[in-house]
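Trainee: My questions all concern the structure below.
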Amino acid sequence: MRKRQIFLITGWTVLTVVFLLIPSSTPRLIFAVLTALTALVAIFVSNRKERLGETVNTQLEKTERVSFPIDSLFEATIDSMHEGLLVVDRDMRVVASNPVAYRLFGTTPRVVNQQRLTELTRNPEIYKAFLDALRGVERSSVKVDTVGPERLVFELRVTPLPSENGSGPNGALGVFIDITRTEHLESVRQEFLSNVSHELRTPLTSILAFVETLETGALEDPESSRRFLSIIRKNASRMHGLVDELLELTAIEGGNVRLRVAEVELRPLVDESIASLAAKADAQGIRIHNQVPEHIKVYADARRLERMLMNLIDNGIKFNKPSGQVTIKHESGSRDRIIVEDNGDGIPQHHLERLFERFYRVDRARSSDNMGGTGLGLAIVKHLALLHGGEVTVASELEKGTSFTIHLPHPREE
Ligand code: ADP
């Protein structure tokens with residue numbers, strides 16, 4: 001029995017004697033019950049505390065018993081790191097490294113270890129960072145670009161490793177953090193912002209210039225006023241179109257667009273798209289042919305498919321010659337293929353790969369300034385096709401024309 005329990009039982013006995021001395025029987029009974037209860041609770045709590053203490057102690061003892069050789073622990077840790085790790089001694093000889101570092105220097109473990117840093121890399125940034133660390137200067141971060149088939153960008157942090165006798169660093173430990181993806185995303189973001197600003201600034205500058213001209217006298221001349229107002233309206237609607245398409249593209253890319261996929265009869269949908277663009281086609285003397293057979297059904301979100309068709313037909317009109325033609329066809333196969341082809345200008349082959357990028361234009365001046373294009377139409381088509389589980393492809397021949405194909409999967413059998 002524990003000391004605390006002996007103490008409690010003694011206390012309880014004393015109290016029992018006291019209660020026997022109480023003359024009246026009812027208070028004596030109450031006092032007795034209370035004393036007994038207090039004693040029981042105290043013993044229970046004290047036992048429980050002890051049991052808990054024992055468990056913790058047992059676990060602590062167990063933990064102390066588990067141990068690993070420090071070498072294998074270190075090796076396992078550095079091998080599983082996402083960062084590259086390189087440790088050099090005072091003579092700049094590599095004494096430890098990990099698989100990410102081998103990949104970084106494009107070599108094997110046997111070659112890395114025991115080599116001097118200068119033999120491993122000619123990159124002056126890396127060398128200088130390690131040298132500084134050996135002199136006791138810790139460089140917080142150095143950006144390192146690798147050269148080779150795959151361009152990688154790393155942030156390097158080198159820490160001095162102190163010697164046991166305190167006579168300055170005995171070596172240095174460098175950690176290479178891969179920031180290639182972050183860098184890429186940052187440059188895409190910057191390019192995107194500069195494109196948006198550029199696209200908005202051009203019509204805005206034009207609007208401001210014409211408003212100023214009207215204010216400084218042109219308003220008195222009704223004919224000039226009408227002409228300037230129509231230019232202002234054209235530029236304002238171009239900005240409006242750009243903002244609309246940007247919002248749409250952002251929503252699709254951000255996964256915020258939910259498709260309502262169902263069986264859609266294709267021919268009437270193509271007719272509707274043609275009808276919306278008829279005035280524009282007429283103005284440029286372009287003829288549009290719907291060659292989709294009757295009763296062909298595809299599996300798509302009707303509104304989004306119409307959007308894709310409109311963007312492609314619109315381009316077929318814009319980048320065509322007077323009295324050119326745009327034809328819409330359908331082909332069946334493992335997937336439905338909807339083809340929009342024109343006999344217009346055609347696109348040089350080296351542009352095809354980047355054609356579906358946001359703001360990519362083959363002839364910037366022609367597309368944006370004279371045709372009201374935003375450079376986002378094909379990017380929207382691409383993303384909507386992907387959202388349908390399909391894709392869009394292009395084939396083109398200069399002076400002969402261009403053909404875009406939307407590939408749509410068949411519905412999956414349940
Ligand atoms: P835009 O608003 O400029 O039409 P798009 O994303 O729809 O933007 O098209 C990107 C570029 O691809 C166009 O600027 C044009 O240079 C080229 N292009 C698209 N469709 C055609 C086509 N049918 N014929 C020739 N060039 C085309």
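Trainee: Place a +1 charge on the Cβ of each Lys and Arg in the range 223-290 and a -1 charge on the Cβ of each Asp and Glu, then give the dipole magnitude about the Cα centre in debye, rounded to the nearest 20.
Mentor: Dipole size: approximately 400 debye.
Trainee: With 10 angstrom as the radius, rank Met308, Met92 by how many other C-beta atoms surround their C-beta, starting from the fewest.
Mentor: Least to most surrounded, the residues fall as Met92, Met308.
Trainee: So, one more: For a Förster distance of 35 Å, can you work out the FRET efficiency between the beta-carbons of Val243 and Glu353, rounded to the nearest 0.05?
Mentor: 0.80
Trainee: For the residues Glu183, Glu164, what sequence is obtained by ranking on other C-beta atoms within 10 Å, fewest first?
Mentor: So the ranking, lowest neighbour count to highest, is Glu164, Glu183.
Trainee: A follow-up question, please. How about the range 270-376: which trypsin sites (Lys or Arg not before Pro) there lie in a loop by DSSP and see at most 12 other Cβ atoms within 10 Å?
Mentor: Those satisfying the criteria are Arg354.
Trainee: Hey, with R₀ at 45 Å, roughly what FRET efficiency would Thr77 and Arg412 work out to, going by the Cβ-Cβ distance, to 0.05?
Mentor: Efficiency computed from Cβ-Cβ geometry: 0.50.
Trainee: Would you mind ranking Val392, Val292 so that the residue whose beta carbon has the fewest other beta carbons within 10 Å leads the list?
Mentor: Val292, Val392
Trainee: Please give the length that would be gained between Ser334 and Ser225 if that part of the chain were fully extended, namely 0.36 nm times their separation in residues minus their C-alpha to C-alpha distance (nm, one decimal).
Mentor: 33.5 nm
Trainee: I would also like to ask the following. Which value in nm describes the separation of the simple spin-label points at Arg258 and Thr213, placed 7 Å from the Cα toward the beta carbon?
Mentor: With each label point 7 Å from Cα toward Cβ, the separation is 4.9 nm.
Trainee: Turning to a different aspect of this structure: Restricting to Cα pairs below 8 Å that are 6+ residues apart, what does the relative contact order work out to for the range 71-178? Please round to a whole percent.
Mentor: Once divided by the residue count of the range 71-178, the mean separation gives 26 percent.
Trainee: Indicate the gyration tensor shape class of the range 261-414 (rounded, prolate or oblate), computed on the Cα atoms with a ≥ b ≥ c the square roots of the eigenvalues: a/c under 1.5 is rounded; otherwise a/b larger than b/c is prolate and the rest oblate.
Mentor: The shape class here is prolate.
Trainee: Separate question: Based on Cβ point charges of +1 for Lys and Arg and -1 for Asp and Glu, what charge dipole magnitude is obtained for the range 230-369 about its Cα centre, in debye rounded to the nearest 20?
Mentor: In debye, rounded to 20, the range 230-369 gives about 320.
Trainee: If I stretch the segment between His295 and Arg233 completely, what's the gain in nm (0.36 nm per residue apart, minus their alpha carbon distance), one decimal?
Mentor: Taking 0.36 nm per residue and subtracting the Cα distance, the gain is 18.2 nm.
Trainee: Something else: Give, in nm to one decimal, the length gained when the segment between Ser167 and Arg181 is fully stretched (0.36 nm per residue of separation minus the Cα-Cα distance).
Mentor: Extending this stretch completely gives an extra 1.0 nm.
Trainee: Would you mind giving the three semi-axes, in whole Å and largest first, of the ellipsoid equivalent to the range 138-215 according to its Cα gyration tensor?
Mentor: 52, 16, 7
Trainee: Enumerate by residue number the GluC sites (Glu not before Pro) in the range 264-334 meeting two conditions: DSSP loop (anything except H, G, I, E, B), and at most 14 other Cβ atoms within 10 Å of the site's Cβ.
Mentor: Counting only loop positions with at most 14 other Cβ atoms within 10 Å, the GluC sites (Glu not before Pro) in the range 264-334 are Glu294.
Read the figures in this text as sums done on the coordinates, not as results from a lab. Predicted model only: the values in this text are computed from it and were never measured. So basically every Cβ, Gly included, is an ideal-geometry build from the backbone, and we count neighbours across all protein chains shown.
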